[in-house]
Amino acid sequence: MAMAWIWTGMIAASVLYGLINGTISAVGNAAMAGAAAAVDLCLSMAGVMCLWSGVMSIMKASGLMDGLSRLFRPVLGRLLPRACQDPDTLAALSGNVSANLLGLGNAATPLGIRAARRMAQGCGGRASNELCTLVVLNTASIQLLPTTVAGVRAALGAESAFDILPAVWLASALSVAAGLLAAKALGRVWRG
């Protein structure tokens, strides 16, 4: 609801400024050009999302997702030991991590929600330390292939959409490390 008020205020301020300065036609033209650019971007991103969502479906059907689950089990077992005792939660966690590694935040979200719901059972309405750690992992997420960002860059005319890989790898590794350290430190402070 707050965002609706913010957007309404920004639009009203733009129109008011255009009226005061006599540039209301430029405001209208900019609004139409922005709307057209947004539609173009959404359509070009739809192809990228379909491609990588299809890759995730193929990974699941071919059993590669199960293999990734086994691969991630030692790491996830150390980070989320109680959650990994349940095979369904572990599968959702592994799928979430896999989708995030491929830069598919949209595909990772439903799997993260499924894992979070299973982890929240029996918590009495209070988030456990493991659930908070899952939120940190999902939010910060290490990305090997930032497909969504590369898709946006390609749609907007970048010459080499994946030339950002080293910066993404460094930034995502640092953000996950900082987030996990903060989650562990705060988990000890508010242990209850």
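The values are calculated or read from the model by the stated rules, or taken from the named source; none is laboratory data. All of these numbers come straight from a predicted model, not from anything done at the bench. Using ideal geometry, Cβ is built from the backbone for each residue, glycine included, and neighbour counts are taken over all protein chains shown. Quick note on the areas: whole protein, heavy atoms, side chains included, nothing else; ligands and nucleic acids left out. Shrake-Rupley method; radii C 1.70, N 1.55, O 1.52, S 1.80 Å.
Sort out which residues of region 106-142 are small (Gly, Ala, Ser), within 18 Å of Leu90 (Cβ to Cβ) and not in a helix (DSSP H, G or I), and write them in order of number.
Gly122, Ser128, Ser141
Condition first: small (Gly, Ala, Ser) and in a helix (DSSP H, G or I). Now tell me which residues in region 54-68 satisfy that.
Restricting attention to region 54-68, the residues satisfying the condition of being small (Gly, Ala, Ser) are 54, 57, 61-63, 67.
Within region 54-68, Gly54, Ser57, Ala61, Ser62, Gly67 qualify.
Which numbered condition trips up Arg117, out of (1) modelled with pLDDT of 85 or more; (2) surrounded by fewer than 21 Cβ atoms within 10 Å (Cβ to Cβ); (3) within 17 Å of the chain's Cα centre (by Cα)?
With respect to (1) modelled with pLDDT of 85 or more; (2) surrounded by fewer than 21 Cβ atoms within 10 Å (Cβ to Cβ); (3) within 17 Å of the chain's Cα centre (by Cα), Arg117 is out only on (3).
Which is touching a residue at least 60 places away in the same chain (Cβ under 8 Å) and not hydrophobic (A, V, I, L, M, F, W, C), of Ser44, Ser53?
So the residue among Ser44, Ser53 that is touching a residue at least 60 places away in the same chain (Cβ under 8 Å) and not hydrophobic (A, V, I, L, M, F, W, C) is Ser44.
Condition first: surrounded by 21 or more Cβ atoms within 10 Å (Cβ to Cβ) and within 27 Å of Ala150 (Cα to Cα). Now tell me which residues in region 75-101 satisfy that.
Listed by number, the residues that qualify are Ala92, Leu93, Ser94, Gly95, Asn96, Val97, Ser98, Ala99, Asn100.
Looking at Thr148, is it assigned to a helix (DSSP H, G or I) and open to solvent by 40 Å² or more (accessible area, probe 1.4 Å)?
Answer is yes for this residue.
Please work out which one of (1) surrounded by 11 or more Cβ atoms within 10 Å (Cβ to Cβ); (2) of a type outside the set (A, V, I, L, M); (3) under 21 Å from Ala183 (Cβ atoms); (4) modelled with pLDDT of 80 or more is the condition Phe72 fails and give its number.
(4)
Given the criterion closer than 30 Å to Thr133 by Cβ, in a helix (DSSP H, G or I), of a type outside the set (Lys, Arg) and in contact with a helix residue (DSSP H, G or I) (Cβ under 9 Å, 6 or more places away or on another chain), identify the matching residue among Leu71, Leu51, Leu43, Leu19.
The match here is Leu71.
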